[in-house]
Amino acid sequence: MEIEEKDLQYLLENKKHHIKTKDTLIQNLICLIGFLLSLLLANFTDLSLTKKIAIITLGVIYFIIFGLSVYGSNYSVEALLHDICSCSKVHPFSLIVIKNKKGEYLLKKDNRWKTYLFPYKRTHVNDLEDLKNFMASAFGVNDFNIVKTEKTSISKHSVSAQTIKTYEHTFYKIDFDFNLLPEKNKFKINKSIYKWFTIDEIKANKDMISKNKETIDFVEANF
């Protein structure tokens, strides 16, 4: 198994909040119990209103801090190993670049990433044949031309997996009769939502850029 140092460093930085020892949790729990006992033993009713508000406020803050310290504490060694293996594994995907005469790109709303992405599928051994099946299933298009093909490897944060992954992308620029698509800027086909974007609109969308900048830059440079 091989993994780039920068990818491993990114993973560890991303997961360091979740990596805790049992001693850390025990210490936090003892502090919480001590705080609660001090409140029970104190003559709380004789205190002034200002002091009561101050103690309650401190108590709320302490509970919030305790909750944050416990959050994610179930991140196990096995989970860390899984994430490291995921970093070292190459994930092959084929991306479909559809660009109309206006210079707009057709993107698909992805529920897992919660943003618009270039239409994609997993890369198969017989990828061209699988591409035909994909175009027929996704758009009802059986007649199309592959104008250009490009390949690249991109290491980036996976929103769906919440870890860094290395993607081996195969890009297919597809040309077909766009009149087969609905004459709308945004439309739905087979329960999937699609929308046309110019490259400037894509780059102006902070959500898309934060989640998919590497792919967007590659498409802009090559297509």
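The values are calculated or read from the model by the stated rules, or taken from the named source; none is laboratory data. Computed from a prediction, not measured in an experiment: that's the story for all the values here. Ideal geometry is used to build each Cβ from the backbone, glycine not excepted, and the neighbour counts take in all protein chains shown. Each accessible area value is taken on the protein alone, full model and side chains, heavy atoms only, with ligands, DNA and RNA left out. Shrake-Rupley method; radii C 1.70, N 1.55, O 1.52, S 1.80 Å.
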Rounded to 0.05, the calculated FRET efficiency for the beta carbons of residue 156 and residue 102 at R₀ = 25 Å is 0.30
In whole Hz, the Karplus estimates of ³J(HN,Hα) for segment 125-137 (6.51, -1.76, 1.60; θ = phi - 60°; x where Gly or Pro) are 4, 9, 6, 5, 5, 5, 5, 4, 5, 5, 5, 5, 6
Label model pair residue 48, residue 189: point-to-point distance (7 angstrom along the Cα→beta-carbon line) in nm is 7.2 nm
Mean accessible area per residue over segment 156-223 (1.4 angstrom probe, all protein chains present, square angstrom) is 53 Å²
The simple spin-label model distance between residue 109 and residue 132, using points 7 Å out along Cα→Cβ, in nm, is 3.3 nm
Relative contact order of segment 87-138 (C-alpha contacts under 8 Å, at least 6 apart) in percent is 32 percent
Within segment 96-194, DSSP-loop trypsin sites (Lys or Arg not before Pro) with at most 13 other C-beta atoms within 10 Å are 101, 102, 112, 114, 184, 191
Karplus ³J(HN,Hα) for segment 155-160 (6.51 cos²θ - 1.76 cosθ + 1.60, θ = phi - 60°; Hz, whole; x = Gly/Pro) runs 9, 7, 6, 8, 5, 5
